[in-house]
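Scroll down for the structure; my scribbles are underneath it.
The values are calculated or read from the model by the stated rules, or taken from the named source; none is laboratory data. Everything numeric in this text was worked out from a predicted model, so none of it was measured. Cβ placement follows ideal geometry from the backbone for every residue including glycine, while neighbour counts extend to all protein chains displayed. With ligands, DNA and RNA removed, areas are computed over all heavy atoms of the protein, side chains included. Shrake-Rupley method; radii C 1.70, N 1.55, O 1.52, S 1.80 Å.
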Amino acid sequence: MVKKYKNTLLWNPNKKTVSEANITKFIEFVNREFGTSISDYFELYDWSVTEIEKFWEALWKYSGIIHSKCYDKVLDERKMPGAKWFEGAELNFAENLLRYHDDEIALISYREDHPVIRLTYKELYTKVAACAD
């Protein structure tokens with residue numbers, strides 16, 4: 001269980017920011033799909049570590065992963081190392097990464113010897129298309 005610390009908050013998001021946050025949308029999705037009543041991050045975290053297979057199934061569904069074949073089982077056995085995730089699934093990583101062509105950030109590269117590089121989905125798509133030509 002996640003321990004809730006009582007410290008002074010440095011920042012507290014307003015209601016609009018919370019309602020539009022990706023984690024809020026994911027929690028709402030989980031509640032609809034799995035009949036849960038999760039209300040915050042801490043409850044989602046607890047659910048994710050007790051209902052591991054359901055959490056990862058929810059993430060698979062919520063993310064809209066493009067696949068040519070769905071998985072047979074989310075997790076074969078709860079053991080690390082050696083767990084096998086989403087056995088039977090077939091997907092193309094590039095197809096999933098290149099499905100967007102907008103100005104949202106697709107990749108961020110952090111290196112010690114280079115400034116941070118941010119690449120949008122549009123820039124990534126253009127570079128891949130140029131390489132393919």
Residue-normalised 222 nm signal for the chain, counting each DSSP H run of n ≥ 4 as -39,500 (n - 2.57), nearest 500 deg cm²/dmol, is -12500 deg cm²/dmol
Given (1) 16.7; (2) 15.2; (3) 18.3, which label gives Kirkwood radius over Cα pairs in Å as computed from the coordinates?
(3)
Here Rg/Rh (Cα, Kirkwood) for the range 20-86 equals 0.99
Based on the Cβ-Cβ distance from TYR41 to ARG118, what FRET efficiency comes out when R0 is 30 Å, to the nearest 0.05?
0.70
Of the GluC sites (Glu not before Pro) in the range 57-114, those whose Cβ has at most 12 other Cβ within 10 Å and which sit in DSSP loop
GLU77, GLU104, GLU112
Taking protein heavy atoms only, a 1.4 Å probe, and rounding to whole percent, the accessible area of the range 55-117 owed to carbon and sulfur comes out at 55
How many nm is it between the label spots at GLU51 and LYS15, if each spot is 7 Å from the Cα in line with the beta carbon?
2.7
Suppose we flag chymotrypsin sites (Phe, Trp or Tyr not before Pro) only when DSSP calls them loop and at most 16 other Cβ atoms lie within 10 Å. Which is the longest uninterrupted stretch of the chain?
12-99
May I ask you to give the solvent-accessible area per residue for the range 74-133, in square angstrom, as obtained with a 1.4 angstrom probe?
80
Check which residues have an amide H placed less than 5 Å from THR120's amide H, if you skip close sequence neighbours.
ALA106
